[in-house]
Structure formats: structure tokens, C-alpha cells
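Shown next, in C-alpha cells, is the structure this report addresses.
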Amino acid sequence: FRGYCSRRLRRLRKTLNFKMGNRHKFTGRKVTEEILSDNRYLLLILMDAERAWSYAMQLKQEANTEPRKRFHLLSRLRKAVKHAEELERLCESNRVDAKTKLEAQAYMAYLTGMLRFEHQEWKAAMEAFNKCKTIYEKLANAFTEEQAVLYNQRVEEISPNIRYCAYNIGDQSAMNELMQMRLRSGGTEGLLAEKLEALITQTRAKQAATMSEVEWRGRTVPVKIDKVRIFLLGLADNEAAIAQAENEETKERLFESLLSECRDAIQAVREELKPDQKQREHSLENDSGKVSNIQYLHSYLTYIKLSTAIKRNESMAKSLQKALLQQQRSDEDGKRSPRPQDLIRLYDIILQNLVELTQLPGLEEDKNFQKEIGLKTLVYKAYRCFFIAQSYVLVKKWSEALVLYERVLKYAREVQSGAGAHRNSLKELPDVQDLITQVNAEKYSLQAAAILDANDPHETESPSQVKDGKPLSERFETFCLDPSLVSKQVSLVHFPPGFQPIPCKPLFFDLALNHVAFPPLEDKVEQKAKSGLTGYIKGIFGFKS
């Protein structure tokens with residue numbers, strides 16, 4: 001964008017003949033009210049301000065690795081504010097309409113707020129941003145809906161900056177609004193993104209200073225690693241945001257963010273585990289098989305990671321089930337439609353995660369935990385069998401599908417009979433009673449479809465003819481109802497045609513020459529030999545014998 005602004009400035013100066021001297025000497029010129037006969041003179045100053053602002057944003061990205069560039073960043077922002085002040089001063093002329101004057105004031109207030117924001121002058125930045133927001137809101141109310149969309153978009157971009165400034169001034173409610181905004185959108189963009197993430201981490205770090213231990217499954221474990229403390233404090237907020245997510249895309253993004261933070265916390269615990277290997281083995285012997293606190297904390301974080309992965313895959317499975325129901329009601333062309341095989345893959349991953357949960361150190365002797373995981377495994381096995389049966393129904397394998405439906409009912413009844421005291425832990429899982437009702441309905445539909453398929457003569461004859469793959473030109477003598485003849489992919493002849501043998505060009509050999517007897521020529525040869533030199537001379541001078 002910075003390069004675009006430079007090129008635009010060059011084109012404008014050339015078009016307006018507004019040159020800054022010649023190639024040998026620079027002569028500065030300023031845009032004054034007297035030459036505002038063309039609105040493009042205002043664009044000159046606007047492009048100068050935009051070029052300085054874009055350079056500042058570029059330096060902001062580079063300052064993450066090179067902190068010294070922050071001074072250049074502030075210099076460019078001050079330059080942008082200077083150009084914006086000049087633009088606002090020129091727009092006060094009577095030649096400029098009211099809308100342009102208001103936009104120039106809002107632009108000036110926005111750049112001033114950005115500069116104060118970088119200087120961490122929160123009160124001044126908040127006043128500037130509020131002024132900018134007020135102007136854009138009034139402009140949105142004064143013009144058409146198409147133009148109001150642009151102004152409202154600017155208001156939405158400025159609002160997080162205002163809340164951030166309010167929090168730094170001392171308004172604690174602004175922090176809650178920023179957290180909700182981040183959790184709803186799955187992350188922020190622009191100038192505020194890094195500062196907001198740092199603010200959330202800083203706030204959690206302050207709370208983490210008071211957190212010293214965590215309790216899980218009746219055992220209290222001390223937490224000494226700061227990264228783990230921060231993750232555990234934000235776990236409840238992240239789970240609440242996932243539950244309140246407005247759409248599947250946002251929910252998926254929040255799941256990925258939570259899993260990433262969990263992996264970082266697990267990695268921090270692993271680094272603590274490595275130098276403590278001998279001590280853990282010694283404590284394992286003294287405690288008669290009881291794992292150390294750091295190992296138990298690692299198991300707890302792994303449990304959170306695997307449980308979150310299961311919830312994410314279950315959420316994806318639910319969205320795929322909805323897509324399958326919509327596909328049955330209305331078929332859409334041009335898109336890859338979901339299939340039951342996609343759901344089978346998701347449930348395979350869930351079952352693998354459940355197997356890993358049963359192998360966590362420190363939980364092998366926990367009978368209640370193993371019982372809960374066993375019941376969850378039966379629930380997901382039932383759903384996996386159900387969708388395998390659905391895939392068999394699509395290819396008309398009725399007997400295999402019926403056997404799998406019976407297996408689903410078996411798993412569901414085992415869950416119902418073994419739930420008992422573990423009903424609270426199964427509340428978050430899909431209801432097996434709904435699955436039993438659905439399977440019973442599918443069984444009757446399957447039996448009816450199998451009977452109709454067995455009694456339909458066309459269905460019994462057509463497969464053998466379709467499997468042949470013969471085109472129409474090779475089966476004129478056989479009559480069949482082939483629906484592909486009226487489709488776009490009709491098979492009439494083999495194209496391109498196959499190769500066929502043809503006779504080659506004949507080769508002739510003269511075999512009779514070996515059996516031919518030539519007439520004797522000895523008499524002629526002897527007569528020619530007798531003549532000799534005398535006959536040659538006579539022949540030259542014309543004498544005849």
C-alpha cells in the first residue's frame with residue numbers, strides 16, 4: 001500500500017503539473033486555499049498522510065524482531081498526523097462541502113488517536129477515538145444505507161481501541177467487553193491484536209500469582225509453572241466462549257486456539273519432567289506405584305487436550321449430520337456432498353482418543369474413571385456402527401446393514417444398563433435413546449427397501465448389462481431399459497476405436513532365376529577371339545572379309 005501511495009502521488013503531481021523543482025534542485029511547494037480549484041490537490045495531502053501511516057504499520061510488524069524500529073514508527077505516525085492537520089485546515093475553506101469537512105476531522109482524530117495509543121497516552125487516545133467514532137456515527141445516520149455500511153465498519157474498527165484505552169485508564173468492565181469480543185470472533189485484527197493478547201496474558205498472570213494448586217479426581221496437585229497456571233485460569237473462559245459461539249467456523253477456530261494453548265502447557269510440563277526423571281522413579285518406589293505430582297499434572301493436561309479433541313470432533317460430526325439431513329431433502333450439484341464415511345472417520349479418531357485416556361499414568365487404578373471411559377466408548381461405538389450401516393444401505397447391502405443395526409442396539413442397551421451412577425458424566429454425550437428410536441425406524445425402512453429391491457425385475461436384470469460396459473452399437477439385438485441413453489454420458493460406440501489388423505504391402509522374390517538354363521555362347525566367343533588385331537584394323541578402315 002505504501003508503494004501504491006507513492007505511485008499515486010507521482011501521477012497526481014504530473015497531472016496537476018505540481019512539481020517540486022527539477023532534477024537538479026528541490027523546491028518545496030505547499031497546497032494553499034488559492035489553488036483548490038481542483039479536488040485532486042486535497043488528494044496530494046491525503047496520499048502523503050496515507051503513505052506515512054502505511055510505512056508506520058510496516059515498521060510495526062518489523063519492530064517485533066527489531067525493537068529499534070519503534071522510534072522510526074513513531075516518527076512516521078507524527079508525520080501522518082502533521083499531514084492530516086494540514087488536510088483538516090484546508091478543508092475549512094468555503095470551497096469544500098460539509099461532508100468532506102467532517103470526514104477530514106474524523107481522519108485527523110483517528111490518526112491522532114493512533115499516535116497517542118502508541119505513546120500509551122490512554123486518556124488522550126480515548127478522547128481522539130471517541131471524537132472519530134461520534135463523527136462517523138453521525139455520517140452513517142445522515143446518508144444512504146450503502147454509504148452507512150462503510151461508516152459503521154469504521155466504527156466497529158475503532159470500538160476495541162476505545163475499550164482498550166478505557167481498561168488502561170481503570171475501567172474493569174472494559175476488560176470483560178474486550179474478552180467477549182475476542183472470544184466471539186476467535187481473535188482480533190489490526191493494531192490492537194498484539195496489545196490485546198498481551199493484556200489478556202498479563203491479566204491472567206496477575207491472577208496466576210495467587211493460584212498455587214489444582215484439584216482433579218480427588219487429588220490436589222501443586223502448580224508451579226506459570227504457563228500452566230495461565231492456561232488453567234483461562235480454561236473456563238475458553239470453554240464458555242466455545243459454548244456461546246455463533247457459528248461452526250468460530251467454534252472450530254476457538255477449539256484450535258484452546259488446543260494450541262494446551263499443547264504449549266504440556267510442553268512446559270515435559271521440560272520439567274526431563275531433569276526430574278531419577279527423582280520421579282525414586283518417589284514411584286516409595287509411594288508404592290503412586291505417580292509424582294508433576295506426572296499427575298501432565299496426565300491432567302493430557303486429559304484436557306484429549307477431551308477437547310473429542311468435543312471438537314463431536315461438534316464436527318454434528319455439523320456433518322445436519323449436512324447429511326439437508327442433502328437428503330435437497331440435492332445440490334457442483335459441491336462435494338458429505339458422506340457417512342466422513343462421520344466414520346471422525347468417530348474412529350474419537351475412539352482412539354478414548355483409548356489414550358485409559359492409558360494415562362496415575363489413572364490405571366481409578367475404577368470409576370475407567371468405567372466412565374468404557375461407557376463413553378460404547379456410546380461412540382454405537383454411533384460409528386450406525387453410520388457404517390448407513391454407508392452399506394447406500395450400496396444396497398441390506399443384510400450387512402441389518403446386522404450392524406442390531407450391533408448398535410446392543411451397544412445402546414449396554415450403555416443404558418451400565419450407566420447407573422455415571423449418568424452425570426454422560427450428560428454431555430449424545431442420547432442413546434434417540435439413537436435406539438432412529439435405528440428401529442431405519443430397520444423397518446431397510447426391510448421394506450430390501451423386499452422392493454428383490455421384487456423389482458428391472459433391478460435384477462440391469463446390473464449385469466451395466467457391468468458389461470458394452471456400447472449401444474454392440475447390443476442392438478438385446479433389448480433393455482437403459483436410463484443412461486437419455487443422460488449426458490451416453491455410451492454409443494467405443495471412442496477412439498481400437499486397432500484392427502490389416503494386410504501389409506506384398507514383397508516379391510524372383511525365385512525362377514535359379515532354375516533357368518541360358519543358351520550356349522561358345523561359338524560367338526571363339527569367333528571373336530580368332531579375329532584378333534588384324535580384324536580390328538580392318539574394321540577401322542572399312543575392309544570386310
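Miscellaneous remarks
- Only protein atoms count toward the accessible area here, which uses a 1.4 Å probe; on the range 306-419, the carbon and sulfur part of that area reaches 49 percent.
- Placing +1 on the Cβ of every Lys and Arg and -1 on the Cβ of every Asp and Glu, with no other charges, gives the range 1-126 a dipole of roughly 760 debye about its Cα centre.
- Global geometry of the range 68-161, whether rounded, prolate or oblate, following the gyration tensor of its Cα atoms and the 1.5 cut on a/c: oblate
- Gyration tensor verdict on the range 338-442 (Cα atoms; rounded if a/c is under 1.5, prolate if a/b is larger than b/c, oblate otherwise): prolate
- Within the range 345-402, the GluC sites (Glu not before Pro) that combine a DSSP coil assignment with at most 14 other C-beta atoms in a 10 angstrom radius are GLU364, GLU365.
- Whole-number accessible area per residue in Å² for the range 1-115, which is evaluated in the context of all protein chains at 1.4 Å: 62 Å²
- Applying a threshold of 23 Å to the alpha-carbon distances of LYS224/LYS290; LYS19/LYS99; LYS227/LYS318 flags LYS19/LYS99; LYS227/LYS318 as lying beyond it.
- Listed residue pairs exceeding 19 Å between alpha carbons, taken from LYS322/LYS396; LYS101/LYS138; LYS69/LYS123: LYS322/LYS396; LYS69/LYS123
The values are calculated or read from the model by the stated rules, or taken from the named source; none is laboratory data. These figures come from a predicted structure and were not determined experimentally. For neighbour counting, all protein chains shown are included, and Cβ atoms are generated from backbone atoms with ideal geometry for every residue, glycine included. Protein only, heavy atoms only, side chains kept; ligands, DNA and RNA dropped before computing areas. Shrake-Rupley method; radii C 1.70, N 1.55, O 1.52, S 1.80 Å.
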